[in-house]
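The values are calculated or read from the model by the stated rules, or taken from the named source; none is laboratory data. None of these values were measured; they are calculated from a predicted model. Quick reminder, even Gly has a Cβ in these numbers, built from the backbone with ideal geometry, and neighbours come from all protein chains shown. Calculation scope for accessible area: heavy atoms of the full protein, side chains included, ligands and nucleic acids excluded. Shrake-Rupley method; radii C 1.70, N 1.55, O 1.52, S 1.80 Å.
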Amino acid sequence: MITRLQAEEVRELVYEVGEYIRSERVSFESSAVEHKDTHDMVSYVDKTSEKKLIAGIERISPASSFRAEETGMQSTGSPYQWIIDPLDGTTNFIHNIPHFCISIGLQFNDQLVAGWVYEICTDEMYTAIKGEGAFLNKKKIEVSKTNALHDCLMATGFPVRAYDQLDEYLQLQKWMIENTRGLRRMGTAAYDLCMVASGKVQAYFEPGLSPWDVAGGALIVEEAGGKVSDFAGGEGFMENATILATNTYIHNSILKEIHRCMHI
Ligand code: IPD
Ligand code: CA
Ligand code: CA
């Protein structure tokens, strides 16, 4: 397992790289934007952040494996795999809108054992180690205990690339709008998950994600007492591209609506 000292060193590294991203935002020019795909943008800031995070983690935890958004897999055969989104919320960053984050999840033998999500605009550092609870700026956090759907606020992310299930997803949104306090679209999956973990929203759901979007935040939700599944209700949220994270109490009610509206 990761030691307390290593976890603290990763935390310091994330702050340091967060400071780099914050300072680049001041002078960032839209001419620096590159297009990986339609609606999928990147810049030197994402790439440099990732390089700095990998180099720092290699010093803290030598010979680790990595799965990072911009550089892909780097396997050393180690049971430790660091799953990195160097800038989650790139569209917000480019448009100079809060929120954007660094997200890191650590797996040991394919199980999530630690997570760090740093929201750079609000200076919020969310952390978790398996079995030790979840924290925001070192203070323990818990999911909300609200269970009446009409008192619950939802978060989601709109599909940005694959639109084959868009109509079904919009049906689900219609149900959410009619039956809950409403929907928020933060623009960063990692932060959406931390909103559930810290009790600000009661649920977050999104189709079409990648492991680096959710690895850090999913463990933070679980350690805050919440539940995370894929849209089928199983544990494949890292690989199946769909995620539902809730305060636990409303999980089954929302799954039921997902199944009514969408082909899973
Ligand atoms: C995106 C954000 C966004 C979500 C997208 C992700 P990126 O990640 O998490 O909230 O809706 O699906 O791709 O591209 O900013 O790292
Ligand atoms: Ca992302
Ligand atoms: Ca990213």
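Of the residues Thr246, Thr188, which is open to solvent by less than 10 Å² (accessible area, probe 1.4 Å), polar (S, T, N, Q) and under 23 Å from Phe66 (Cβ atoms)?
Testing whether each residue is open to solvent by less than 10 Å² (accessible area, probe 1.4 Å), polar (S, T, N, Q) and under 23 Å from Phe66 (Cβ atoms) leaves just Thr188.
Can we say Val33 is within 16 Å of ligand 3 (Cβ to nearest atom), over 20 Å from Ala218 (Cα atoms) and touching a Lys or Arg at 6+ places or on another chain (Cβ under 6 Å)? So Val33 fails the test. Whenever a residue of region 180-205 is without any contact (Cβ under 8 Å) to a residue 40 or more places away in the chain, its partners that are of a type in the set (S, T, N, Q) and part of a helix (DSSP H, G or I), lying with C-beta atoms within less than 7 angstrom and at least six residues away or across chains, give the pairs Leu183/Gln173. Among strands (runs of 3 or more DSSP E) entirely within region 1-103, having at least 1 residues that are in the same structural domain as Trp116 (by TED's automatic domain parsing) and open to solvent by less than 10 Å² (accessible area, probe 1.4 Å) singles out 40-42, 65-68, 80-88.
The residues of region 118-167 that are hydrophobic (A, V, I, L, M, F, W, C) and within 16 Å of ligand 1 (Cβ to nearest atom), listed by number, are Ile120, Cys121, Met154, Ala155, Phe158, Val160, Ala162, Leu166.
Here is a yes/no grid of residues against (1) in contact with an Asp or Glu (Cβ under 8 Å, 6 or more places away or on another chain); (2) open to solvent by less than 10 Å² (accessible area, probe 1.4 Å):
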{"position": "Trp175", "(1), (2)": "yes, no"}
{"position": "Arg181", "(1), (2)": "yes, no"}
{"position": "Leu193", "(1), (2)": "no, yes"}
{"position": "Gly216", "(1), (2)": "yes, yes"}
{"position": "Gly234", "(1), (2)": "no, no"}
{"position": "Asn252", "(1), (2)": "no, no"}
